[in-house]
Each structure stands twice: as C-alpha cells, then as structure tokens.
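Participant: Pasting a structure below so you can have a look.
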Amino acid sequence: MDAAKLIDKYVMNTYGRAPITFVQGEGCQLWDHQGNQYTDFLAGIAVVNLGHAHPEVTKAICQQAAKLVHVSNLYYTEPQAKVAELLVENSFADKVFFCNSGAEANEGALKLARLWGKEKMNGAFTIITMERSFHGRTLGTLSATGQEKIQKGYDPLVPRFKHVPYGDLEAVKAAWDDDVCAVLVEPVLGEGGVVVPPEGYLSGLRELCDSHGALLMFDEVQTGLGRTGKLFAHEHFGVKPHVMTLAKALANGLPAGAVLADAEAAAMFGPGSHATTFGAGPVVMAASGVVLDQLINGGLVEHAEKIGLYFKTQLEGLAAKYTEVVLDVRGLGLLLGLALNQAAGPLVARLRDMGYIVGAAQDTVIRFAPPLVVNSGDIDGLVAALDQALADC
C-alpha cells in the first residue's frame, strides 16, 4: 500500500504533510515504512507525553476494549469515575466535563462563560482573548483565536471577542467594559511562538477578573499534564483559574478533552445544557487513567522539569554560538522554542532529514515538545544535529 498516494487522492487537502509514512513508534522513537528511524521531539504536537506505545497504556486500552467500548453518558462507567477523581483531586477544580479534543474543550468553556454572563453579570458576553493565541478550529474557537490566518475565509465570525497583546495586563484593562464576562488565555503561548508571560501577568488577570466578577479561563490544552514541568503550567505562577481546559496528552494519543471548573462556575451547566456522544468513552478513559497515574505517581513531571532545564541550557549554548541566526530560547519544562531571525521551515526539514522530528510555530520559531520520557542522550543527539544545521545557515 502506498499510503501517501491514497491519502493525497482521497483525503481533503487540509494539511501540508511531510513526505514520511510512519508505521511504528516506541518511547521517543518512530519508524517509517522504509525502516528509517527518527527521534521524536514533537510527540504528535505535545500529545504522546508518555511516549509511543507505552506498555501500560496499551495494556489498559486492550483490556478495556475487550470488556466495554461504549454505552453513552446516560449511564455511569468506572473508567470515567477514576479519571474524574484523579483530575479533580489533583487540581483547583471541583467538577469536570469530558469531551474529545482541545477545540471541544474550549468550545465548552466558551459556552460556560456565556451562561455565566447571563446568570451572574446581567447578560455580559464579551470574552477577552490574546493576539497570537490558538484555541481551536471550530467556528467559536477560531473566533476566539488571535490569528488572522486561522480565521481567514470564515467571516462573519462569532461576535464579542476582543483580542489584545499577550502579556500586556494594561491592554486587558483598557479593553475591559461592562460587557466582559471572561478572559481566556494560555499560561504559556504554544502555537503563538512558545512565549512565557511576564511576572505578575496571570496573577493580575485573576485579580482583574475577581474584581469584576468575571471568569479567568486557562487553556492548558498544550501546556497541561506535565508538559512544562508542572502538572499544570499555571502552577509555575501560583495562580488558579476558575476554568481550565485540557486535551492533547490526556489519553496519550486517543481523543480526549476536558473542561475543569470550580464549583460556582461548574454549576452553570445542568442536564441538557451541554453534552457529547463519545466523550469519556471507557477505552479512552482507561488510557487516561494510566496517563494520570504515571504523571502523578510515576515521577514524569519532575523528570520533565529537570531534563527540560538541561535541554534549555543546551539550546542556550547554541544561541550563544549562533547569534546571527538565533534570537532567543524560551519556554518551560519540555515545551521549548528556538526563535530565529529567519523562517523555521527549512531547519525543521533539515532536522527531519537528519532523523529528528521537530515543529515550527509562528513561522520563525522551532518548537520542541518531546515525550516526557526523553533522556539526555536523545537531547544531546538533537543538539548536535541542530548545531550542524545552524552552522550551514
């Protein structure tokens, strides 16, 4: 089978795919259909945090699939109960709603904010989001997203989103009016170029929201679940949200998303106000249970913090060596970005040819988001390849 030819023939052309057909993975390693091996420093865009083909995840999926795959959310299931308890007991939240993706999770958060505005804020329904943010590709979430290239062609957009510069608390204050019901923000910009906010920014947003009775909602779809060296990225800043969204790594590759909220915000949803057919399916929740157990009890979050510091130090060494090309190294844990003064695409392709999978963000940033099981040897190999690639720029 020539998968590339069949996909190009039969699948809608919405992705600029690299000319590789992957057939197998294990840990941080991937193999294509020709037997070529690659070290994965993207993890399916921050998804397979436990690594490819994690044995405990695979075991849980197979065992659950042999017992029960689907019954709908009109009934109770044990895997959902376990994951709900793990998420709530290890976060700020009192309740959780499960769905299938980051876009769905953020869509749920937007709906919750609308209900909050109607019930608590005299019908307010403007939501402040950030320039360069990314919240999904549904019509609602792309309207919330602060990137014109994501919105192109889909106007008229969903109204009442205000986009302000990321990291600028004064800009949020200037945009505020009596119709604002919520602020939606990534604790660290992901697609927007791997940007860590300035000190006091997130805490200032919380104070501002509290003073107006509005919701502070953190999009942790990319930054959550150990990616930044904390279970949730907002823990770095000592700030708790009213609402948080998760997805990507929640089931290590199976489709899973979640909206977490404190008791008062969660109370906006009642029977029939929001729903999903496949969210919290038993097989997906079985995988999620393993993911959360490994993150909470298996030392992976601590490893991500420690090895992330090592990785960042190595990248900073390259930045000091290639000052004419590299502008900055930024990020937290194992979500890191190498900002360039040129397009990142050619370097991403060069590294791929050298056996390393990385990504690009905002055109000029190389994004690194490897599985959390990455080791120093993997990092040293990537840094050596990147050193060679930068030398040729």
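Bear in mind that the values in this text are calculations on the coordinates, not laboratory data. Since the model is a prediction, treat every value here as computed from it, not as a measurement. Here the Cβ positions follow ideal geometry from the backbone for every residue, glycine too, while neighbour counts run over all protein chains shown.
Participant: What's the longest piece of the chain with no exposed chymotrypsin sites (Phe, Trp or Tyr not before Pro), counting a site as exposed if DSSP puts it in a loop and it has at most 11 other beta carbons within 10 Å?
Facilitator: Here the longest segment lacking exposed loop sites spans 77-393.
Participant: Ignoring everything except DSSP H segments at least 4 long, calculate the 222 nm mean residue ellipticity for the chain; use -39,500 (n - 2.57) per segment, divide by total residues, nearest 500.
Facilitator: Value at 222 nm, helices only: -11500 deg cm²/dmol.
Participant: Using the 2.2 N^0.38 Å rule of thumb for compact globular proteins, work out how region 64-188 stacks up: its C-alpha Rg over that value, please.
Facilitator: 1.26
Participant: For K9, list the lysines whose Cα falls under 27 Å from its own Cα; do not include residues on the same chain fewer than 8 positions away.
Facilitator: Cross-link targets: K149, K152.
Participant: Another one. Taking the alpha-carbon set of region 223-358, what are its Rg and Dmax in Å?
Facilitator: In Å, with Rg to one decimal and Dmax whole: 18.8, 59.
Participant: Given +1 on the Cβ of Lys and Arg, -1 on the Cβ of Asp and Glu, and no further charges, what dipole in debye does region 183-258 carry about its Cα centre, rounded to the nearest 20? Show your work: numbers first, answer last.
Facilitator: Working: 5 positive and 8 negative charges, 44 e Å.
Magnitude of the dipole: close to 220 debye.
Participant: Give the Debye-formula value of log10 I(q)/I(0) at each listed q (0.11, 0.13 Å⁻¹), with one equal scatterer per alpha carbon of the chain, two decimals each.
Facilitator: The computed values of log10 I(q)/I(0) come out as -0.80, -1.13.
Participant: Using the 2.2 N^0.38 Å rule of thumb for compact globular proteins, work out how region 111-177 stacks up: its C-alpha Rg over that value, please.
Facilitator: Working: Rg = 12.4 Å, N = 67, 2.2 N^0.38 = 10.9 Å.
My calculation over the Cα atoms of region 111-177 gives 1.14.
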